[in-house]
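One structure is given here, and the rest of the page talks about it.
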Amino acid sequence: MHAIDLITADIPPLRPQDDVGRALEWMEEFKVSHLPVVDGRRLVGMVKDQDLVDRSDPRAAVSSVMDSVELPYARGGQHIYAVMRLFSERGLTVVPVLDEMGVYIGAITEHEALKRLAQVTNIQEPGSVVVLEMNLNDYSLHEIARLVESNDAKVLSVYTHVLPDSNRVEVTLKINREDISDVLRSFERFEYFVKSTYQSSKLHDDLRGRFEELMRYINL
């Protein structure tokens, strides 16, 4: 899944001559804190809600408050993981998308990106989550998957997180069954430390609340 597949048609870009009042109205309407500023078909800036609120004159042009240095953007052909990294690193609610020629082709909202990432990582599929912890040198995805599949189950997704200031790694598995007692016994038999488990009822609580966990998956 690529950036061009995530573009939200509902988010219009601002023009440099648009006023601050209009920008704030659109942010309220579309429930975002950032908007791209486009001149013709060229991305020339980004505005954020706090900068607009701090502007005393709502009739001032957005060009007077927009950020025009080191503009964040994704190329249309970039993978969804690169897009999510940009959201995470820059604290954005909207990411502009440019084609290979640098032409503005649309924008991605954080909400839409999270929804599509949930599809990629099979979050909404029935099943369970198992979190293992082990020494980094002992991590073998092939061996872990073999143990899961030996119990007629499948790994739907996996992501890892190296624990700070240690040589330990946390491995989170999404497995396609709710009853994974036999899988857990296999892990214990082969001396894997099962740190925690979650059933499907806990997987749909709040996708936005799991944003930071999903960022780990990107760093595989």
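Every number here is computed from the coordinates shown, using simple stated rules; none is lab data. The structure presented is a predicted model; accordingly, all values stated were derived computationally and were not measured. A quick note on method: Cβ atoms are made from the backbone with ideal geometry, for glycine too, and the neighbour counts reach across all protein chains shown.
Counting GluC sites (Glu not before Pro) as exposed when in a DSSP loop with at most 10 other beta carbons within 10 Å, what is the longest stretch of the chain free of them?
Working: sites that count: GLU70, GLU100, GLU191.
The longest such stretch corresponds to 101-190.
With a cap of 11 neighbouring Cβ atoms within 10 Å, and only residues DSSP puts in a loop, list the trypsin sites (Lys or Arg not before Pro) found in the stretch 131-191.
none
Cα centroids of the stretch 81-108 and the stretch 129-151: how far apart, whole angstrom?
Here the two parts' Cα centres lie 34 Å apart.
Using only the Cα atoms, what convex hull volume per residue in Å³ does the stretch 3-118 have?
Numbers: hull volume 10.4 nm³, N = 116.
Dividing the Cα hull volume of the stretch 3-118 by its residues yields 90 Å³.
Cut-off under 20 Å on the C-alpha distance; same-chain residues fewer than 8 positions from LYS195 excluded. Which lysines are left, in chain and number order?
By straight Cα distance, LYS195 reaches LYS154, LYS174.
Straight-line reach from LYS31: which lysines have a Cα under 19 Å away, not including same-chain ones fewer than 8 places off?
LYS48, LYS115
For the stretch 41-115, run through the trypsin sites (Lys or Arg not before Pro) and keep only the ones in DSSP coil with at most 14 other Cβ atoms within 10 Å of their Cβ.
ARG41, ARG59
Given R₀ = 22 Å, FRET efficiency for SER157-ARG85 by Cβ-Cβ distance, to 0.05?
My answer for the efficiency is 0.80.
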